[in-house]
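Novice: Pasting a structure here, questions to come.
The values are calculated or read from the model by the stated rules, or taken from the named source; none is laboratory data. Small disclaimer: the values here were computed from a predicted structure and weren't measured. Because the Cβ atoms are built from the backbone with ideal geometry, glycine has one as well, and the counts that use them run over all protein chains shown. To get the accessible areas, we keep the full protein, side chains included, count just its heavy atoms, and leave off ligands, DNA and RNA. Shrake-Rupley method; radii C 1.70, N 1.55, O 1.52, S 1.80 Å.
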Amino acid sequence: MKKGIYLFLTVLIVACRKEKGNIISLLKSRRTIHLILILLIINIGELTAQKTKEVKKVVNENFEKESTPIQKSSTNLKNIKLEYDIPSNKAIEVAIIGAGVSGLYSAYRLTKDENTALPADQIQIFEMSNRIGGRLESVQLPGMTITGELGGMRYLTSQKIVTSLIQNVFKEELKHVDFPMGNDANLFGYFRKQRIKMNAWEIAQEKGEKLETHYYLNEKDLGYSPNQLFNKLIYDVLIADPWFEMHFGQYIEKISKYDYSFKITREQWNIIKPKLTYHFPGPYSGMKVNDIGFWNLIKDQVSQEGFNFLADAGGYYSNTINWNAAEALPYMIGDFSSTTVTYRTIEGGYDLIAYALADAYLKEKGANIWMGNRLVTFDKQTSGKYKYKLKFFHEKSKTIWTLETNKIILAIPRRSLELLDQNNFFFDKDTQEVFQKNIASVIKEPSLKILMGFEEPWWIEDFKTYDGHSITDLPIRQCYYFGVDQNDSHSLLLGSYNDMRSVTFWQGLTKSQTKGESNLKLFTPRATKRIKGDEFKSRLLENQATQVMVDEAMNQIRELHGRPEIPYPYVTWYKDWSQDPFGGGYHAWKSNYDIAKTMAYMRNPNPKESIYICGEAYSDQQGWVEGAFCVAERMLEDYFNLKRPNWIPSNYYLGW
């Protein structure tokens, strides 16, 4: 601005001399008017540019104060060597199917055990896809170094195996950082067209009032936030059972009208869950809570309208589906309805835990992870050194090949088990009825995510929202604010994180196989000041959401935030975990199963066979990497005679 003023005065003085000091005639000159207009335009441009720089500076300074974005890690773990051919050695001791976290963990433990480690060339991993990590997938969108999570995002500090792996075993390779959940005062809730901040319930309570929502709740449930109502419901069910009150009543407390305390360990919960009885008049009176669906229980406690409130405002439809109510109780108070939970993740992406395990295993002589090799079936052999013959399909050559082995670890979820040959001796539906029933003991829970990259962090500039997530009953369900790139203003938003019934809304907008449907074409990423259009790689382009999906998601994001002018993203990344071979993003136990017996059964369905199953699906920490690790560790200790390593506390409870 100062430069412009000096320039204008200099030109004016020179011109005035030519006009012999007649300032009036000079100002009437058409040439002078043009000059003034040009200088004004220059100064406005300078002001705009300066203002933009100042805004970006303020945004970046405030963001650094409020939160640290999950940046790209400096580690080179993802440069591991993977094999894409058919192995030359077709006879090994242990074949591990699946390069997700439980398969990688199993290979790592088997080759690193201090007492009974096996040669790595006798323990091989086979993966049908072209990447490792299973349902962990961390990506960096072009133009930014912030990590976006398409799958699992975080862990709890109470989860000892994953915590110890990150903070002790791989402390040189991995760096843990907090996973910020934001300030409720800056996060939106939008339910039945009512837009509030997520701390609105607490503000009303502080005033001695009850927040009025658009839900017709029971009088006794009015004024509770969704998390508080979950806690109230769980407390009421527990304390109503005389057996529970006698043996465990001292571990729970009603602190105030809206606040409750639960100090029950996982081991104690596993005593409680099979014995807890429902003591309320009505259709479920006297039933074991293990035999009641969670939807059934919620409706009975807070009405169907109360159920709708908890399903909508809780953020996850999967939490309130009709899964095993006894399993749901500790799950809810241990995470989603707790206000004291500490979340962490890994700098550079949560899937680096998978790569750290893979890297450590692959450093052993003869270790290999064979990509693009899909297990089709396996049979027993009646003679020879090896018990089983496995048949694989090799994607690259489109050929079938066989492998002999003595032990099989199926480190895969329910849907992947179902995709194997169901007519072989192990799965046969006519003779293995108990096994088939137990495979079906868990619900496959669909989940879907849409990552979006923006040129500017509009959520910070407009709402002072730096991190955390907003929740709505619209089909996008949740938005996570992942952060701003430290190099510029490129920003990452998880534009939609939804599950269960809302997934089908988006599946109808996925790319069509029918030619000519231009409205279902993929979203076209656009260049920004930092990146050129030719920098978008093929893998990114293949995973774009469709244009109509982005249009719909942006409409809902604008409605959630109450800002119609939110700009379009410059790039997206879409992931639907309900597709094969995953069948869902996570799992939940069904009611009417003896979970303790089923969990133990699934680790080794036939005691006469050396065939084992591990992973998150059949664990007591479903939806968590820790669940996969606990089942794998229990399997390895029970069936491979491995001793617990010193980096896992000796008293740490692995579950049933």
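Novice: Could you list, in sequence order, all residues of the stretch 196-216 that are free of Cβ contacts under 8 Å to residues at least 24 places away in the same chain and more than 29 Å from the chain's Cα centre (by Cα)? I'd like the intermediate steps shown before the answer.
Specialist: Quick first cut of the stretch 196-216, residues free of Cβ contacts under 8 Å to residues at least 24 places away in the same chain only: 196-197, 199-200, 202-204, 206-212, 214.
Of everything in the stretch 196-216, those that are free of Cβ contacts under 8 Å to residues at least 24 places away in the same chain and more than 29 Å from the chain's Cα centre (by Cα) turn out to be 203, 204, 206, 207, 208, 209, 210, 211, 212, 214.
Novice: Suppose we keep only residues that are open to solvent by 80 Å² or more (accessible area, probe 1.4 Å) and closer than 13 Å to residue 352 by Cβ within the stretch 159-195. Which one would you say is farthest from the chain's Cα centre (by Cα)?
Specialist: Here the answer is 172.
Novice: Turning to a different aspect of this structure: For the stretch 334-359, which positions are part of a helix (DSSP H, G or I) and either modelled with pLDDT under 95 or open to solvent by less than 10 Å² (accessible area, probe 1.4 Å) (or both)?
Specialist: Of the residues in the stretch 334-359, the ones part of a helix (DSSP H, G or I) are 334-336, 352-359.
Within the stretch 334-359, 334, 335, 336, 352, 353, 354, 356, 357, 358 meet the criteria.
Novice: Here's a follow-up. Give me the residue from the stretch 369-387 that is of a type outside the set (Val, Ile, Thr) and buried (at least 20 other Cβ atoms within 10 Å of the Cβ) and, out of that set, nearest to residue 122 (Cα to Cα). So that I can check it myself, show each step before the final result.
Specialist: Looking only at the stretch 369-387, we keep the residues that are of a type outside the set (Val, Ile, Thr), and these are 370-375, 378-381, 383-387.
Subset that is buried (at least 20 other Cβ atoms within 10 Å of the Cβ): 370-373, 375, 378.
Values: 370: 13, 371: 17, 372: 20, 373: 17, 375: 18, 378: 18 Å.
Once the filter is applied, the top-ranked residue is 370.
Novice: Oh, and also: Considering only residues of the stretch 133-158 that are of a type in the set (S, T, N, Q) and either more than 19 Å from residue 633 (Cβ to Cβ) or modelled with pLDDT of 95 or more (or both), which is most open to solvent (accessible area, probe 1.4 Å)?
Specialist: Filtering the stretch 133-158 down to residues of a type in the set (S, T, N, Q) leaves 138, 140, 145, 147, 157-158.
Next, from what is left, pick out any that are either more than 19 Å from residue 633 (Cβ to Cβ) or modelled with pLDDT of 95 or more (or both): 138, 140, 145, 147.
Numbers: 138: 10, 140: 60, 145: 36, 147: 1 Å².
Within the stretch 133-158, the match that is most open to solvent (accessible area, probe 1.4 Å) is 140.
Novice: Residue 578: among the small types (Gly, Ala, Ser), at pLDDT 95 or above and more than 24 Å from the chain's Cα centre (by Cα), yes or no?
Specialist: Working: among the small types (Gly, Ala, Ser): yes; at pLDDT 95 or above: yes; more than 24 Å from the chain's Cα centre (by Cα): no.
The answer is no for residue 578.
Novice: Now for a separate question. Kindly indicate whether residue 319 is surrounded by fewer than 21 Cβ atoms within 10 Å (Cβ to Cβ) and in a helix (DSSP H, G or I). Can you show your working first?
Specialist: Working: surrounded by fewer than 21 Cβ atoms within 10 Å (Cβ to Cβ): no; in a helix (DSSP H, G or I): yes.
No, not satisfied.
Novice: Is it true that residue 465 is open to solvent by 10 Å² or more (accessible area, probe 1.4 Å), more than 15 Å from residue 575 (Cα to Cα) and in a loop (DSSP other than H, G, I, E, B)?
Specialist: Values: open to solvent by 10 Å² or more (accessible area, probe 1.4 Å): no; more than 15 Å from residue 575 (Cα to Cα): yes; in a loop (DSSP other than H, G, I, E, B): yes.
Spelling it out, it is not the case that residue 465 is open to solvent by 10 Å² or more (accessible area, probe 1.4 Å), more than 15 Å from residue 575 (Cα to Cα) and in a loop (DSSP other than H, G, I, E, B).
Novice: Related question: Given the condition in contact (Cβ under 8 Å) with a residue 12 or more places away in the chain, buried (at least 16 other Cβ atoms within 10 Å of the Cβ), within 24 Å of residue 468 (Cβ to Cβ) and not aromatic (Phe, Trp, Tyr), answer yes or no: does some residue in the stretch 217-225 qualify?
Specialist: Filtering the stretch 217-225 for residues in contact (Cβ under 8 Å) with a residue 12 or more places away in the chain gives 217-218, 221-225.
Subsequent filtering for residues that are buried (at least 16 other Cβ atoms within 10 Å of the Cβ) retains 217, 221, 223-225.
Among the residues that remain, those that are also within 24 Å of residue 468 (Cβ to Cβ) are: 223-225.
Keeping just the survivors that are not aromatic (Phe, Trp, Tyr) gives 223, 225.
Yes.
Novice: For the stretch 250-259, what are the residues that are open to solvent by less than 80 Å² (accessible area, probe 1.4 Å) and over 19 Å from residue 332 (Cβ atoms)?
Specialist: Correct list: 256 only.
Novice: Looking at (1) more than 30 Å from residue 386 (Cβ to Cβ); (2) open to solvent by less than 10 Å² (accessible area, probe 1.4 Å); (3) in contact (Cβ under 8 Å) with a residue 40 or more places away in the chain, which one does residue 575 not meet, given that it meets all the others?
Specialist: Tallying (1) more than 30 Å from residue 386 (Cβ to Cβ); (2) open to solvent by less than 10 Å² (accessible area, probe 1.4 Å); (3) in contact (Cβ under 8 Å) with a residue 40 or more places away in the chain, residue 575 fails exactly one: (2).
Novice: Considering only the stretch 430-462, state which residues are open to solvent by less than 10 Å² (accessible area, probe 1.4 Å), aliphatic (A, V, I, L, M) and either in a loop (DSSP other than H, G, I, E, B) or at pLDDT 95 or above (or both).
Specialist: Those that are open to solvent by less than 10 Å² (accessible area, probe 1.4 Å), aliphatic (A, V, I, L, M) and either in a loop (DSSP other than H, G, I, E, B) or at pLDDT 95 or above (or both): 439, 442, 448, 450, 451, 452.
Novice: Oh, and also: Within the stretch 283-316, count every residue that is open to solvent by less than 40 Å² (accessible area, probe 1.4 Å) and outside any helix (DSSP H, G or I).
Specialist: Residues flagged as open to solvent by less than 40 Å² (accessible area, probe 1.4 Å) and outside any helix (DSSP H, G or I) within the stretch 283-316 amount to 5.
Novice: Kindly list the number of the only condition in (1) more than 30 Å from residue 485 (Cβ to Cβ); (2) of a type in the set (Gly, Ala, Ser); (3) out of contact with any Ser or Thr (no Cβ under 7 Å at 6 or more places or on another chain) that fails for residue 315.
Specialist: So the condition that residue 315 fails would be (1).
Novice: Need at least 1 residues that are among the aromatic types (Phe, Trp, Tyr) and under 28 Å from residue 620 (Cα atoms) per element, so show me which strands (runs of 3 or more DSSP E) inside the stretch 84-187 make the cut, counting only ones lying wholly within it.
Specialist: On the way: elements: 91-97, 123-127, 176-178.
Output list reads 123-127.
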